[in-house]
Structures are given as C-alpha cells and as structure tokens.
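Q: I'd like to ask some things about the structure below.
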Amino acid sequence: MEKKGRVFSGARPTGRQHLGNYLGAIRNYVALQDEYDCIYCVVDLHALTTLQDTQRLREWTYEMVLDWLAAGIDPERGTIVFVQSHVPQVTELHTILSMIAPLGKLLRLPTYKEKVRQQPENVNYGLLGYPVLMAADIALYKATVVPVGEDQASHLEFTREIVRTFNYHFGPVLVEPQAKYTETPRVLGIDGVNKMSKSLNNHIELASSPEEIYARVHMMVTDPQRQRRSDPGRPEVCNVFSMHKIFTPPEQVKQIDHDCRTAGIGCVECKRIFAGHLIEHLAPFRERRARLSQDPDYVWNVLREGARRASVIASQVIEEVKDAVGLPKRR
Ligand code: AMP
Ligand code: TRP
C-alpha cells in the first residue's frame, strides 16, 4: 500500500515506559504504522543534557525499546527503530541549524526555563540547544508527522519555524512537520496533580506485575473533597474516573459515574475495578514483553538494522542540506 508520508518521533532513554508515555505517544506510534513509513528514535544525545548517571543509558535504552516492541512497534512491517547517536549526521545538521536558531527564542522557551529551575547547578549549552537538536532529528528524515505528548508542543512549533527559516534562506529542502496528539495528550500521575513522569515517581509502568498495578492504583489521589465513604463524589475532578473512561467499558463507566455521585461505591472499590481493567488491557503487552526478552540480542539486532536503514536516508538529506547552504563539496 502507498504510504501517506513519513512519521518520526523520539524519546529520551528513560527505561521502562509508563502509562503517560503510552497514552500520550506510544499509542500513536503504533497506530500510525498502518498508513505511514515510521521512524522511532532513542534520543540518547538529548538524554545527556540532564543525566547525572550516564552509565545507565544502555540499560534504559534496552528497557525502553523492549516496551516499544511489546506495545506493537513492528520492524517486520518496515518501521525503523534506532539510536540517535548511531546516525551521527544529526549532529552535523544540528550545527548547521544552530546558525539560524534565534537565541532569544531559545532562552524564552518554557521547557528551557523549567530545566534551569530544576537543575540550577547544571545549566549547560546542550540544554539551550535541545530544541535545535530535536529539529535536526525531525528535519533529517523529512518527517511530515510527529506523534508526541502535549509537553512537546513548543518544541514542535520551534521545529516548524526553523525549517521555514532554513527554506527561506537556502531553498525548499526541508519539510515542515505537523504534531500529532492522542485523545489524552497530557496524562496525570497518581498524585492527580502533576503530569505523569518517572522523575516525579508518580507513574505506573506498563511492565508492572498485576500486584504492582494494584498497589500503584491504590495510591491514586481521588476527589479531595470526598473524605468519608458516605460523601458523594465528583467524577469530573477525579483522575481515577478519567482513567475509567479510557480502560473501562462505557456501560460500566456510566454506572460508576452514578454510583460515585450517590456514594453507592467507595474509592477503594472504584480503584479495584479500574486496576482490574488496566491489568487485563496490558496482559498481551506483558506476554509479548516476556517472550521478546527471552532473546537478549533481539532488541540490539533491531537497533542495528534500524541504524543501517536510517543512515541511508540521513546521508542523502545531509548532502542536500550542505549543497543548499553552499558548503564546498569534498572532491
Ligand atoms: P519522555 O519520556 O519525556 O522523553 O517522553 C516521551 C514521549 O511521551 C513524548 O512524546 C512525551 O510528550 C510523551 N509523554 C511523556 N509523559 C507524558 C504524559 N504524562 N502525558 C502525555 N504524554 C507524555
Ligand atoms: N524532546 C522530546 C522529549 O523530551 C524527545 C525528542 C527528541 C523528540 N527528538 C525528537 C520527539 C524528535 C519527537 C521528535 O520527549
């Protein structure tokens, strides 16, 4: 079948993936494989901007890619999965794009300011250039669609702008990409307040055992005004209820909505029902993950083949870029 275009996305190697990654991004990575040529990248260079402990990058790369494959990312269907640093042309494109990247804009990006707040002892050059490297990732593969969570919106907008600037100065070489969001572009953590993230330890890992899932779901914060079992609840402000809407059959969601408002059901029981559906939903994932991990080389073989295929595209595009910019050819 003729594909509609090319999809690219990247994620920092953070190890086992959580429900936020899954609902905000991975679901779309998987779904888009039907209609697009897809490339998914482990952005290990990006990870260097924040990590103290770089010795765990290999392990976290392995765990993350295993989750992707178990979730349904399928190299057999032509999808490319590779490690950013294995295709070094991206650092060349990053350098070239950095010459047209407006410093004022980079300094004002909310993601940069947040990192400065989080790690005042390590405000490095790479942190400022993070969105330029991300733009290089996407532009190097001329991707048209980029599935990401909502937290990446400002980075995607930056990518579009720098691509336009490049094309304005040097000719129509690069492609302006569109962000693609899921129905749940910002998933809250079990604290019910912050975005789900590993660094806040408010996450639920996809690879958790049923017991672990019960334990994490049990910790979820519900309607803070519902103090006693006999208090009526407000599903519209409850994070457990928003999860029900994703994982629980619609008829039962209606029933839970009613029973919560009338105090017919307590939070403990409501969470138990949600955990049951989540565990069931993830059962095929857990099975595939266990099967794939029996061959410890499988993930690395996928990444080797992915880097080989990504390099073919990257070498061609970087030549077009250098030519357009006017750099003298090596003869
Ligand atoms: P990260 O692990 O932060 O590199 O994120 C990988 C992908 O998952 C990115 O596309 C993020 O936007 C997405 N993502 C991470 N956390 C969440 C969340 N809590 N809700 C929705 N999407 C998320
Ligand atoms: N900035 C993204 C994040 O923090 C990761 C990323 C790097 C990315 N390069 C990308 C996402 C290219 C999409 C496309 O999650």
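Q: Under 23 Å Cα to Cα from Lys254, which lysines show up? Leave out anything in the same chain fewer than 8 places away.
A: Qualifying lysines at Cα under 23 Å: Lys245, Lys271.
Q: At a 1.4 Å probe radius, which order do Asp257, Asp295 fall into by accessible area, largest first? Mind dumping the intermediate values first?
A: On the way: Asp257 40, Asp295 70 Å².
Sorted by accessible area, descending: Asp295, Asp257.
Q: Leaving ligands, DNA and RNA out of it, rank His277, His258 by accessible area with a 1.4 Å probe, largest first.
A: His258, His277
Q: Further, regarding this structure: Antiparallel versus total DSSP beta bridges in the chain: what percent is that, nearest 5? Intermediate results must be reported in sequence, preceding the final value.
A: Working: 2 of 16 bridges.
Roughly 10 percent of the beta bridges in the chain run antiparallel, per DSSP.
Q: Please give the net charge around Phe170, taking every other residue with its beta carbon less than 11 angstrom from that of Phe170, where Lys and Arg add +1 and Asp and Glu add -1. If you can, show how the numbers build up before the last one.
A: Numbers: positive: Lys322; negative: Glu320, Asp323.
Counting the neighbours of Phe170, the net charge comes to -1.
Q: Which GluC sites (Glu not before Pro) does the stretch 179-261 hold that lie in a coil by DSSP with at most 11 other beta carbons within 10 Å? Please report the intermediate quantities before stating the final value.
A: On the way: sites: Glu183, Glu205, Glu211, Glu212, Glu236, Glu251; in loops: Glu183.
The qualifying sites are Glu183.
Q: Follow-up question, since we're still on this one. About the Cα centre of the stretch 210-290, what is the dipole size in debye to 20, counting +1 per Lys and Arg Cβ and -1 per Asp and Glu Cβ, all else neutral? Walk me through the numbers on the way to the answer.
A: Values: 13 positive and 11 negative charges, 27 e Å.
Using Cβ point charges on Lys, Arg, Asp and Glu, the stretch 210-290 gives about 120 debye.
Q: So, one more: Going by a ≥ b ≥ c, the root eigenvalues of the Cα gyration tensor, does the chain fall in the rounded group (a/c under 1.5), the prolate group (a/b larger than b/c) or the oblate group? Write out the running numbers ahead of the final one.
A: Values: a/c = 2.16, a/b = 1.76, b/c = 1.23.
Since a/c reaches 1.5 and a/b is larger than b/c, the shape of the chain is classed as prolate.
Q: Gaussian network model of the chain, Cα springs within a sub-10 Å range: biggest mean-square fluctuation belongs to which of Val321, Val42, Val146?
A: Comparing Val321, Val42, Val146 in the GNM, the peak value goes to Val321.
Q: Could you please state, rounded to a whole Å, how far the C-alpha centre of the stretch 238-290 is from the C-alpha centre of the stretch 3-19?
A: If you average the Cα positions of each part, the centres end up 26 Å apart.
Q: Using the heavy atoms of the protein chains and a 1.4 angstrom probe, tell me the accessible area per residue for the chain in square angstrom.
A: Numbers: 16650 Å² over 331 residues.
Heavy-atom SASA per residue in the chain reads 50 Å².
Q: As a test of reading the structure, rank Val268, Val87 by solvent-accessible area (1.4 Å probe, protein chains only), most first. Intermediate values should be presented prior to the final figure.
A: Details: Val268 100, Val87 0 Å².
Result, largest first: Val268, Val87.
Q: If I ignore ligands, DNA and RNA and count only protein heavy atoms, how much of Lys245 is accessible to a 1.4 Å probe, in Å² to the nearest 10?
A: 130
Q: Rounded to the nearest 0.05, what FRET efficiency do Val173 and Leu103 have when you use their Cβ-Cβ distance and R0 = 25 Å?
A: Efficiency, from the Cβ-Cβ distance: 0.60.
Q: Let me ask something else. When only Cα pairs under 8 Å and 6 or more residues apart are kept, what is the percent relative contact order across the stretch 101-226?
A: Details: 118 pairs, mean separation 23.4, N = 126.
Result for the stretch 101-226 is 19 percent.
Q: With a ≥ b ≥ c the root eigenvalues of the C-alpha gyration tensor of the stretch 158-289, is it rounded (a/c under 1.5), prolate (a/b larger than b/c) or oblate?
A: Working: a/c = 2.70, a/b = 2.08, b/c = 1.30.
Judged from the Cα gyration tensor, the stretch 158-289 comes out prolate (a/c at least 1.5, a/b above b/c).
Q: Find, among the trypsin sites (Lys or Arg not before Pro) in the stretch 148-203, those assigned to loop by DSSP (not H, G, I, E, B) with at most 15 other beta-carbon atoms within 10 angstrom.
A: On the way: sites: Arg160, Arg164, Lys180, Arg186, Lys195, Lys198; in loops: Arg186.
Passing both the DSSP loop test and the Cβ count: Arg186.
Q: Could you work out [θ]222 nm for the chain from helices alone, using -39500 (n - 2.57) per DSSP H run of at least four and dividing by all its residues? Round to the nearest 500 deg cm²/dmol. Mind showing how you got there, number by number?
A: Details: 13 runs with 168 residues, N = 331.
After summing the helix terms and dividing by residue count, I get -16000 deg cm²/dmol.
Q: Give the lysines reachable from Lys322 as a straight Cα distance under 24 Å; neighbours fewer than 8 places away on the same chain don't count.
A: Correct list for Lys322: Lys142.
The values are calculated or read from the model by the stated rules, or taken from the named source; none is laboratory data. Everything numeric in this text was worked out from a predicted model, so none of it was measured. When we count neighbours, we look across all protein chains shown, and the Cβ atoms used for this are built from the backbone with ideal geometry, even at glycine. To get the accessible areas, we keep the full protein, side chains included, count just its heavy atoms, and leave off ligands, DNA and RNA. Shrake-Rupley method; radii C 1.70, N 1.55, O 1.52, S 1.80 Å.
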